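Student: Let me give you the structure first, and then I'll get to my questions.
The values are calculated or read from the model by the stated rules, or taken from the named source; none is laboratory data. The structure displayed is predicted, hence computed values, not measured ones. Virtual Cβ from ideal backbone geometry, glycine too; neighbours counted across all protein chains shown. Accessible surface areas use protein heavy atoms only, side chains included; no ligands, DNA or RNA. Shrake-Rupley method; radii C 1.70, N 1.55, O 1.52, S 1.80 Å.
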Amino acid sequence: MQPKAKFYQVLISAELRTQGLRLLDRLLRKHLIFGGPVLSGPARFLWKNEIVEHDYCWIITFTREDLRDELIREAETESAEAICMISFSPLDGSPVLQALLEQAFAGHESAPEPKYKDAVAALTFVSLSDIPKRTASSWGDLSKVQPDDPTR
């Protein structure tokens, strides 16, 4: 039985939202991260013994343990910051999240460059009776982590 891969939850800094989105895109195209949001808000840092204040951004994502060093190299190559702050925290995710990440990184070395989905997200209403069967269960069949619903 093959041991399960270990994953990290990753925070990657960016001074501006556009920088964060560009960095997110580069790392996604190279299959080094799962993807996620670029969040921003007011921040303060101790920089060269001065407190500096400005809006700041963070990419929140996941990566596989063996991709850590390559992710750092790529992020530092793309980053416009003096110091690209990257932190890795061991991930203790639900079984279904673990299965999703296993699937996402499987064969990353030879995977073709991902393409943007030809669709846009849209709000939909879900019948209350459908909610219990809508989300994949961590105690169900983890070999099939993608929902059958083609609209999702």
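Student: Quick check on this structure: which one of S40, S79 is open to solvent by less than 30 Å² (accessible area, probe 1.4 Å), in contact with a Leu (Cβ under 9 Å, 6 or more places away or on another chain), polar (S, T, N, Q) and more than 23 Å from A111 (Cβ to Cβ)?
Tutor: Testing whether each residue is open to solvent by less than 30 Å² (accessible area, probe 1.4 Å), in contact with a Leu (Cβ under 9 Å, 6 or more places away or on another chain), polar (S, T, N, Q) and more than 23 Å from A111 (Cβ to Cβ) leaves just S79.
Student: A follow-up question, please. With (1) open to solvent by 50 Å² or more (accessible area, probe 1.4 Å); (2) within 24 Å of K30 (Cα to Cα); (3) among the small types (G, A, S) as the list, and A122 as the residue in question, which single condition is left unmet?
Tutor: Unmet condition: (2).
Student: Tell me yes or no: at least one residue of region 9-20 is closer than 25 Å to G140 by Cα and among the charged types (D, E, K, R).
Tutor: no
Student: State which residue pairs qualify: first residue at negative phi and inside region 102-114, second residue outside any loop (DSSP other than H, G, I, E, B) and not aromatic (F, W, Y) in any location, beta carbons under 7 Å apart, and separation of 6 or more residues or different chains.
Tutor: Final answer for the pair search is F105/R64; E113/R29; P114/L28; P114/R29.
Student: Is it the case, given these coordinates, that A75 is in a helix (DSSP H, G or I) and closer than 30 Å to H54 by Cβ?
Tutor: Yes; evaluated as a whole, the condition is true for this residue.
Student: State whether one or more residues within region 78-100 are over 16 Å from the mean Cα position of the chain (by Cα), over 23 Å from D141 (Cβ atoms) and assigned to a helix (DSSP H, G or I).
Tutor: yes
Student: So which residues in region 24-37 are open to solvent by 60 Å² or more (accessible area, probe 1.4 Å) and within 17 Å of S79 (Cβ to Cβ)?
Tutor: Matches in region 24-37: R26, R29, K30.
Student: I'm checking my understanding of the structure. Among residues of region 126-143 that are farther than 12 Å from A99 by Cβ and among the charged types (D, E, K, R), which one is most open to solvent (accessible area, probe 1.4 Å)? Before the answer, list the steps.
Tutor: The first filter runs over region 126-143 and keeps only residues farther than 12 Å from A99 by Cβ, leaving 126-135.
After this cut, where a residue has to be among the charged types (D, E, K, R) as well, the list is 130, 133-134.
Details: D130: 64, K133: 147, R134: 83 Å².
The selected residue is K133.
Student: Let me ask you something else. Please go through region 82-97 and pick out each residue that is surrounded by 12 or more Cβ atoms within 10 Å (Cβ to Cβ) and among the small types (G, A, S). It would help to see each step written out before you state the result.
Tutor: Narrowing region 82-97 to residues surrounded by 12 or more Cβ atoms within 10 Å (Cβ to Cβ): 84-86, 88, 91, 93-97.
Selection gives G93, S94.
Student: Scan region 98-117 residue by residue and report those that are among the polar types (S, T, N, Q) and either open to solvent by 60 Å² or more (accessible area, probe 1.4 Å) or at pLDDT below 90 (or both).
Tutor: Of everything in region 98-117, those that are among the polar types (S, T, N, Q) and either open to solvent by 60 Å² or more (accessible area, probe 1.4 Å) or at pLDDT below 90 (or both) turn out to be Q103, S110.
Student: With the requirement that a residue be more than 30 Å from A106 (Cα to Cα) and surrounded by 13 or more Cβ atoms within 10 Å (Cβ to Cβ), what does region 46-73 give you?
Tutor: Y56
Student: Please enumerate the residues belonging to region 32-68 that are in contact (Cβ under 8 Å) with a residue 24 or more places away in the chain, on the phi < 0 side of the Ramachandran plot and not in a strand (DSSP E or B).
Tutor: Within region 32-68, L32, I33, F34, E65, D66, L67, R68 meet the criteria.
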